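Step one of this worksheet: look at the structure below.
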Amino acid sequence: MTYTVAQIAKSLGAEAAGDTSLVIRRAAEPQSAGADDLALAMDPKYAEGLSQGAARAAMLWPGADWQAMGLTAAIFPERPRFAMSGMTRLMDKGQGFGTGIHPSAIIDPTAVLGKDVSVGPLAIISAGAQIGDGSVIGPHCFIGMDVTLGANAYLREQVSIGARVTIGMRCIIQPGARIGGDGFSFVTAEPSTVESARKTLGDQGAAAAQPWIRIHSLGSVTIGDDVEIGMGCTIDCGTIRDTTIGNNTKLDNQVHMGHNVSIGDNCLICGQVGIAGSARIGNNVVMAGQVGVNDNIFVGDGVIAGGGTKLMSNVPAGRTMLGYPATQMDKQVDLYKAQRRLPRLLREVAELRKVVFKSDKDD
Amino acid sequence: MTYTVAQIAKSLGAEAAGDTSLVIRRAAEPQSAGADDLALAMDPKYAEGLSQGAARAAMLWPGADWQAMGLTAAIFPERPRFAMSGMTRLMDKGQGFGTGIHPSAIIDPTAVLGKDVSVGPLAIISAGAQIGDGSVIGPHCFIGMDVTLGANAYLREQVSIGARVTIGMRCIIQPGARIGGDGFSFVTAEPSTVESARKTLGDQGAAAAQPWIRIHSLGSVTIGDDVEIGMGCTIDCGTIRDTTIGNNTKLDNQVHMGHNVSIGDNCLICGQVGIAGSARIGNNVVMAGQVGVNDNIFVGDGVIAGGGTKLMSNVPAGRTMLGYPATQMDKQVDLYKAQRRLPRLLREVAELRKVVFKSDKDD
Amino acid sequence: MTYTVAQIAKSLGAEAAGDTSLVIRRAAEPQSAGADDLALAMDPKYAEGLSQGAARAAMLWPGADWQAMGLTAAIFPERPRFAMSGMTRLMDKGQGFGTGIHPSAIIDPTAVLGKDVSVGPLAIISAGAQIGDGSVIGPHCFIGMDVTLGANAYLREQVSIGARVTIGMRCIIQPGARIGGDGFSFVTAEPSTVESARKTLGDQGAAAAQPWIRIHSLGSVTIGDDVEIGMGCTIDCGTIRDTTIGNNTKLDNQVHMGHNVSIGDNCLICGQVGIAGSARIGNNVVMAGQVGVNDNIFVGDGVIAGGGTKLMSNVPAGRTMLGYPATQMDKQVDLYKAQRRLPRLLREVAELRKVVFKSDKDD
């Protein structure tokens, strides 16, 4: 799988210069690029790396003097970071999953597979499942009863999808993602200490032991088109209606979505984010790693939450949030700065008190 | 699987009114309920939803005027949230796992399976394992050597249980949960920087490289009756004795329990909670999402910890905690409020100093 | 698998006393030890436990009077915690995985297996994979295309390793660990609100919807010798170069490593730590549970981060850090103490203002 510089440039809609017939074997960082590699140097800071490596062709920043750098050919993408998308799609060697149905796969006779579906070794497809055209079901995957997968789904190895889950077209699901577990919803016969603590915020004293009784999930999970689910994600079923994810939303690894959560379109949810039951997330929301979202709250469109932010209450659309508890990011940064001055502030107030009140108490 | 209104009411021990012979196909939210659905409207705020939907029967709040709402039949549960438990159990369609032993399952001849055990496709049951009567071992599950599972265990797909783990009756284990990994316990030949940092809290300077040597886990994991383990949970073996979970304790998804941890009865541990090695958790403890528990500490009976709380030291019984580091919840909320006034406080003290000390220094 | 007291002592390089021909069946905690157990009582605080149990032999603290405690034999290790390593390795009963290639395993004919490799039931080894001598591939494992595993790898059940991952010798990988997912790297056609929020820290207002386009991972993952990966870990591929882990580094359960991350040698990364894309971690670094590391930052050699710490910016070598945002641990502890005095401080400043400014405003 090799491409000429001209082919790569064309696929990116980018300008090319020099001997564009040069054949490229792979992409590489400038300093470690070999003679058949395309060096990725879309910022002037990579110029030095280029001189250390052996690349003859490079993807460069606008206006770079490729000839002075001794290159044979160069590609000039308009928006370099965006060009990475097309270039890496072109050069991706993939996982090498086979085509067709592996003889060791176990497929229920009532499952309906579209055209050109491939099913990996030891995968299981349960009764009533429907798999869209061109989908890839990886090795060791489990597809539950009455699951619907849209066209061109791509499931890596050891993914599991529970009964009645519906996923749109072109989903990508990374290894070991879990969709459709039962929601974490329990109730006690009498009102529990948790219900009471939510009201009082105070200690609950000696709690009488009460067994937790399961509320089963009758809903399932509905996921839109062009969604990605990362490794080790866990997405619970809804209690009555489905838990939902909109179109083009991307989940990184180890994201947890509780029962009844709804996430809108076009969100970016980074690693280890946890979204508690019944929270509603708007469109175009970005959550950095380890963000937490309280149960039953609403997070508006376009909200951005920095790493580790804990959203404890509703967040209006358009806010940029940080911290625990979450505050608008600029205020939080001011607060952090103020906190660092707190030990000195304590001393200053003690001094003031001494002077003003003639206090000589040791504090 | 349909029920009449009378059957549902009877199973919940609830009053019913109207034409209780009406046949119900499924439960639904009021606004989206169809003519054969039971609308769930146990709070007056759902009245409007009811009028938007097409339900003829509903589960209602006490005293609701079902006839005025145009309903044909109604159910009046005593404690509505608790009624959800019985109703959802009744209406749950389940995962459709087959009965009996799937021919593709691999079961060691020395494993002992009770009556009416079902084993899913491509599951593995190792030597010496004992599976209690009526248990369901899901597709792709792995049951290790000498594992004991009590009666009526229900394991979803792709669960793995390591050697010598013991689990009581009626456990429910969600997809991809991991029980019985080796504990994370390492030692260096000479005292390490961690041992020294724990004493001094200060920087450790240039650390000599020392390889970490594994301390193997000789213990396993012992889990009581009526326990649930969520998707992607990871529960480590104990070093010498077993890691333990008491009866009726429920773990949400992605909970991590280190080696030697003990959790009591009747606890509720929410998503992404991490409990470090050798921590001891009492009975009736509730931890919200993303709580962290330090190693070797003790958390007393009935403690409640809010979302994201990091318990860094022992917590007496009955406390309601919040924050990082954890503080009693009401004090923590006061502290959060005070913190927001900190930038203004800094200005005020600067003003005071100017007046009192005639200081004109810019701060 | 039994050993005499003499054999155990010899394997630890420790002194033994008394009837060292006594045969030991297993290790146990002092209070629950039986007559054939070796009680582990390496600290005087365990003396009372010893008297409650029935052990005839014990591993004891230096100078303990074993005869006065009624023991028949005793072992005196030089560094007790280190002795745990040798003792537990000796007494570990393991998982009982079989030897040889299980007939249900699916191994591509182009895969190359070394001498004495064992492959568990229903494991899959893909085309071009190379498995070093003496390696154990557990049940239900998936080894991707062109993966290289060094000698004496030990993979527990249901581990998955994606295409082109390279792992050194003697790795230990716990159940359900995921190596080699695609990185979480997306780009929008036009600059996104995230790019702009990073610059301004402020709210981004109404964001125009822009679809996220994947940047594929062309790199893979390279892992050194003597590395351990915990249950449920997720390690992403690099974008151009490989994501890397050095020699002798240990990852606890549910650790997340984003694309392009590099971790040095000899690090200890505890449960649920998340390391965002392109972060670089030095050697001998220790991160306690639930630590978060921002993307693209550098964490120097020998850094120690306490539980829940969020490292938001570069950390020089040798630092001991705590908190969110991370600060040097001793300063952070001072800060926590000062914070607890904040509500009182607010009252004191209000008093001062009243006196100094004759202010009678209620605040």
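Where a ≥ b ≥ c are the square roots of the eigenvalues of the C-alpha gyration tensor, would you call segment B:275-321 rounded, which needs a/c under 1.5, or, failing that, prolate if a/b is larger than b/c, or oblate? Oblate, since a/c reaches 1.5 and b/c is not below a/b.
Put simply, the C-alpha atoms of segment B:230-328 give a gyration tensor, and the ellipsoid matching it has half-axes of 18, 14, 13 Å, longest first. Sorted on the mean count of surrounding Cβ atoms within 10 Å across their residues, most packed first, peptides B:310-316, C:291-297, A:152-158 read A:152-158, C:291-297, B:310-316. Taking the helices alone, the protein assembly as shown has a mean residue ellipticity at 222 nm of -5000 deg cm²/dmol, built from -39,500 (n - 2.57) per DSSP H run of at least 4 residues and averaged over all its residues. A Cβ-based charge dipole, computed about the Cα centre of chain C with Lys and Arg at +1 and Asp and Glu at -1, lands at about 860 debye.
Taking label positions 7 Å along the Cα-Cβ direction at both A:Val355 and B:Lys115, the computed distance is 8.8 nm, reported to one decimal. Between B:Ser32 and A:Lys331, how many nm apart are label points set 7 Å from Cα along the C-beta direction? Between B:Ser32 and A:Lys331, the label points sit 3.5 nm apart. Beta bridges assigned by DSSP with both partners in segment A:1-83 are antiparallel in approximately 40 percent of cases. Here the peptides C:233-245, A:328-340 are ranked by packing, the mean other Cβ count within 10 Å, and the order with the highest first is C:233-245, A:328-340.
Think of the protein assembly as shown as a dipole: +1 on every Lys or Arg Cβ, -1 on every Asp or Glu Cβ, centred on the Cα centre; then among A:Leu60, B:Gly183, A:His140, A:Leu60 lies furthest on the positive end. For segment C:1-145, the calculated P(r), taken from all Cα-Cα distances in 5 Å bins from zero up to the bin holding the longest distance, is 2, 10, 17, 16, 10, 6, 7, 9, 10, 8, 4, 2, 0, 0 percent. The lysine pair count for chain A, using Cα distances under 28 Å and pairs eight or more places apart or on different chains, is 11.
Semi-axes of the equivalent ellipsoid of segment A:12-86 are 16, 13, 12 Å, computed as sqrt(5λ) over the eigenvalues of the C-alpha gyration tensor in descending order.
For A:Asp92 and A:Ala68, what does the FRET efficiency come to when R0 = 35 Å and r is the distance between their Cβ atoms, rounded to the nearest 0.05? Result of the calculation: an efficiency of 0.65.
Here the relative contact order of segment C:1-85, from alpha carbon pairs under 8 Å that lie six or more residues apart, stands at 28 percent. Other protein chain C-beta atoms within 10 Å of residue C-beta, averaged over C:272-278: 6. Note on the protein assembly as shown: Kirkwood radius taken over Cα pairs, Stokes-Einstein applied at 4 °C and 1.567 mPa s, translational D equal to 42 µm² s⁻¹. Under a 5 Å amide H cut-off, with hydrogens placed 1.01 Å from N, B:Thr320 pairs with A:Asp203, A:Gln204, B:Ile304, B:Met329 among residues at least 5 apart or on other chains. Mind giving me the FRET efficiency for B:Arg347 and A:Glu78? R0 is 41 Å, r the Cβ-Cβ distance, nearest 0.05 is fine. Taking R0 as 41 Å, the efficiency between B:Arg347 and A:Glu78 is 0.30. Peptide B:148-157 shows a mean partner chain C-beta count of 2 within 10 Å per residue C-beta. Divide the volume of the convex hull around the Cα atoms of chain C by the residue count and you get 222 Å³ per residue. For B:Trp61, the distances from its label point to the matching points in the remaining copies are 6.3, 6.3 nm, ordered from shortest, with each point set 7 Å beyond Cα toward Cβ.
Spherically averaged projected area of the convex hull of Cα atoms, segment C:59-201: 16.5 nm². For segment C:297-339, the equivalent ellipsoid built from the Cα gyration tensor has semi-axes of 18, 10, 8 Å, listed from largest to smallest. Taken along its three principal axes, the alpha carbon spread of segment A:146-244 comes to 55, 23, 22 Å, from the longest extent down to the shortest.
In this structure, the amide hydrogen of C:Ile263, modeled 1.01 Å from its nitrogen in the peptide plane, lies closer than 5 angstrom to those of C:Thr244, C:Ile245, C:Gly246, C:Ile281, counting only residues at least 5 positions away or on a different chain.
Here, each number is a calculation from the coordinates, and none is a lab measurement. Keep in mind it's a predicted model, so treat the numbers as computed, not measured. For neighbour counting, all protein chains shown are included, and Cβ atoms are generated from backbone atoms with ideal geometry for every residue, glycine included.
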